[in-house]
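Nothing in this text is a laboratory measurement; each read-out follows from the coordinates by a stated rule. Because the structure is a prediction, the values reported are computed rather than measured. As a convention, Cβ positions derive from the backbone with ideal geometry for all residues, glycine included, and neighbour counts pool all protein chains shown.
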Amino acid sequence: MIEEKDLVIIGGGVAGYVAAIKAGQEGMKVACIEKRGTLGGTCLNVGCIPSKSLLNNSHLYHQILHDTKNRGIEVGDVKLNLANFMKAKDTAVSGLTKGVEFLLKKNGVEYIKGAGTFATENDITVALNDGGETTVRGKNILIATGSEATPFPGLEIDEKRVITSTGAISLENIPETMIVIGGGIIGLEMASVWSRLGTKVTVVEFLGQIGGPGMDTEIAKATQKLLKKQGMDFKLNTKVVSGDKSGQRVKLDVDAAKGGKPETLDADVVLVAIGRRPYTQGLGLENIGMELDERGRVIIDSEYRTKIPHIRCVGDVTFGPMLAHKAEEEAVAVVEYIKKGYGHVNYGCIPSVMYTYPEVAWVGQSEQDLKNQKIPYRVGTFPFSANSRAKTNLDTDGLVKMLADPETDRLLGVHIIGPNAGEMIAEGTLAMEYGASTEDIARTCHAHPTLAEAFKEAAMATSSKAIHF
Ligand code: FAD
Ligand code: NAI
């Protein structure tokens, strides 16, 4: 039995570890239970971080192969060493997960390595990774157990031939062919990695556009065109209905959603990327009568309280977009609610970034969102082909698109496809958070020559006219 804590956190992912640090900083006695053996959860171990390492380095490799001659750079024999390519990823992961462990220690958090289960509404039994069991009692408890890949019915995941993102970040060979089920963010990021390394990738997407929920249709079309130019194939409006991996190649039966004829596709490797689902397995929620919604999410109120008020919940396991930075914001807010009685997350202002090349990033509403809600808007765009920095970088694909209220000029949404879109969206997020008008942005001096000038010029195009286009 461990001494009673002010806060016991189940799950050491972004949601859990950030809450632990914040609570430690607030002078609370905290325990954080994590069963994985390392901290950082999906994001640091098998999600954001390893995938971005592979995306960055596969882009570099692809660029050296295909985009140097026109820059006056002649390279000799270029070879990929897949084992070392993976090692670079592992180094980034282990550096960061150890860093989080250090931060917990620094903030006085007790890190318990094991799987936590509710024994009562205040007592968590932990099956320790090293064997044995302990119990920790919390005045407050935070569920932060995250999510897992949604499996495809009838197609067993082996992480070698039928893989989720976890298999996709650690393949030992470069497959000749890969089918990606689902053209959302995971599908497109992983398709990018393997396509750049030489795999022929086909993305099968049920909807009529790629990018998953939230991506503006105009941007999604532009993205698809650029990814196609890089060698990816797409089958949109096409649903994978069943799969069979008994033969040498994995077979998939697909149905065209809009009148086409059914067909069978096959590939060496199939990546299942059809979404993620909340993870509550083994948590013992049934022991305390906790309710889940129809999608398995823990039900909470606006202060992250479950129906048992001292048990709260944040991150992927509850409502909202499954994003690390959303989990992080909630983690800080939930501790503030516990400690001070108030906290805040602006759910209208959570950016999304897809780290393909070019990157795609957005915040706020899309054009189709506004149309669907019959909200009037004004739109302004600026292409990177008219931006001087993009020109010097020979990197001119993409555009910045802004949506604003026609009466007040208040910014309603920003959508960017282009180099460094993921960094540039921070400016859009800040502008929206402060309730900026596009004229405010247009009148803000931006350094020259920078890609961010495209952001300013898109704002000019929205409030009046761009100068350079
Ligand atoms: P998790 O990170 O899933 O952490 C939950 C932790 O709880 C896990 O470590 C789990 O082992 C532990 N746990 C569960 N049950 C128990 C138990 N009973 N006892 C003890 N421990 C338990 N988001 C972004 O914002 N940007 C990105 O670029 C990005 N890239 C991604 C790439 C991939 C391939 C994937 C799969 C996801 C990506 N995400 C990205 C999403 C991001 O990883 C999640 O939104 C984030 O990890 C959610 O944090 P969390 O703490 O809620 O859950
Ligand atoms: P997703 O929900 O973004 O996309 C899944 C896609 O699969 C959808 O477009 C859906 O229409 C399609 N689909 C579902 N069933 C299908 C079928 N039978 N046949 C064909 N298509 C089918 O989910 P994804 O890509 O798995 O990612 C999960 C979450 O992980 C994301 O929503 C995001 O929150 C997070 N993530 C974030 C990243 C980032 O921020 N850069 C990177 C990776 C993941």
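Data for the structure
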{"read-out": "Theoretical FRET efficiency, 1/(1+(r/R0)^6), r = Cβ-Cβ of Ala119 and Lys228, R0 51 Å, to 0.05", "value": "0.40"}
{"read-out": "Assigned charges on the beta-carbon of Lys, Arg, Asp, Glu; segment 110-172 dipole about Cα centre (debye)", "value": "140 debye"}
{"read-out": "Placed amide H near Gly211: partners under 5 Å, 5+ positions off or other chain", "value": "Gly184"}
{"read-out": "Vicinal HN-Hα couplings computed from phi for segment 181-187 (Karplus, 6.51 cos²θ - 1.76 cosθ + 1.60; Hz; Gly/Pro x)", "value": "8, x, x, x, 5, 4, x"}
{"read-out": "Size of charge dipole - the chain - debye, nearest 20, with Cβ of Lys, Arg +1 and Asp, Glu -1, no other charges", "value": "680 debye"}
{"read-out": "If the convex hull is drawn through the Cα atoms of the chain, its volume per residue in Å³", "value": "172 Å³"}
{"read-out": "Hits among lysines - C-alpha to C-alpha of Lys69 under 21 Å, sequence gap 8 or more where chains match", "value": "Lys79, Lys229, Lys391"}
{"read-out": "Tail beyond 19 Å, pair distance distribution of segment 328-377 (Cα, percent)", "value": "52 percent"}
{"read-out": "Sparse-neighbourhood loop sites, GluC sites (Glu not before Pro) in segment 214-312 - DSSP loop, at most 12 other Cβ within 10 angstrom", "value": "Glu291, Glu294"}
{"read-out": "Inverse mean reciprocal Cα-Cα distance (Kirkwood Rh) of segment 258-327, Å", "value": "15.0 Å"}
{"read-out": "Signed unit charges on C-beta, dipole axis of the chain, positive-most listed residue Asn346, Thr429, Ile467", "value": "Ile467"}
{"read-out": "Value at 222 nm in deg cm²/dmol, rounded to 500, when DSSP H runs of n ≥ 4 in the chain each add -39,500 (n - 2.57)", "value": "-10000 deg cm²/dmol"}
{"read-out": "Total charge dipole magnitude, segment 302-385, about the Cα centre, Cβ charges on Lys, Arg, Asp, Glu only, Debye to nearest 20", "value": "340 debye"}
{"read-out": "Residue-by-residue Karplus 3J(HN,Hα) for segment 399-409, coefficients 6.51, -1.76, 1.60, Hz, glycine and proline x", "value": "7, 10, 10, 10, 10, 9, 5, x, 8, 8, 6"}
{"read-out": "Whole-Å distance, taken between Cα centres, linking segment 370-407 and segment 13-66", "value": "31 Å"}
{"read-out": "Across Lys225/Lys261; Lys5/Lys106; Lys200/Lys235; Lys239/Lys261, pairs whose alpha-carbon gap is larger than 19 Å", "value": "Lys225/Lys261"}
{"read-out": "Among beta bridges that DSSP assigns inside the chain, antiparallel share in %, nearest 5", "value": "60 percent"}
{"read-out": "Cα convex hull of segment 201-291 - mean projected area over all directions, nm²", "value": "9.2 nm²"}
{"read-out": "Cross-link pairs beyond the 27 Å C-alpha cut-off, checked among Lys98/Lys326; Lys374/Lys401; Lys89/Lys339", "value": "Lys89/Lys339"}
{"read-out": "Once the Cα gyration tensor of segment 1-157 is diagonalised, semi-axes √(5λ) in Å", "value": "41, 18, 13"}
{"read-out": "Length released on extending from Ala257 to Asp6, taking residue separation times 0.36 nm less the Cα-Cα span", "value": "85.1 nm"}
{"read-out": "Radius of gyration, Dmax [segment 272-393; alpha carbons; angstrom]", "value": "19.3, 62"}
{"read-out": "Alpha carbon convex hull of segment 80-199, projected area averaged over orientations, nm²", "value": "10.8 nm²"}
{"read-out": "Evaluated at q = 0.11, 0.13, 0.16, 0.26 Å⁻¹: base-10 log I(q)/I(0), Debye formula over Cα of segment 30-110", "value": "-0.44, -0.55, -0.70, -1.18"}
{"read-out": "5 angstrom amide H check on Ile9, placed H, neighbours 5+ away", "value": "Ala31, Cys32, Ile33, Leu142"}
{"read-out": "DSSP-loop trypsin sites (Lys or Arg not before Pro) across segment 368-400, with at most 15 other Cβ within 10 angstrom", "value": "Lys374"}
{"read-out": "Cα-based convex hull volume of segment 135-240 per residue, rounded to whole Å³", "value": "151 Å³"}
{"read-out": "Candidates per trypsin sites (Lys or Arg not before Pro) in segment 219-325, loop by DSSP, up to 10 other Cβ within 10 Å", "value": "Lys258, Arg295"}
{"read-out": "Unpartnered cysteines - no second Cys beta carbon under 4.7 Å - across the chain", "value": "Cys32, Cys313, Cys349, Cys445"}
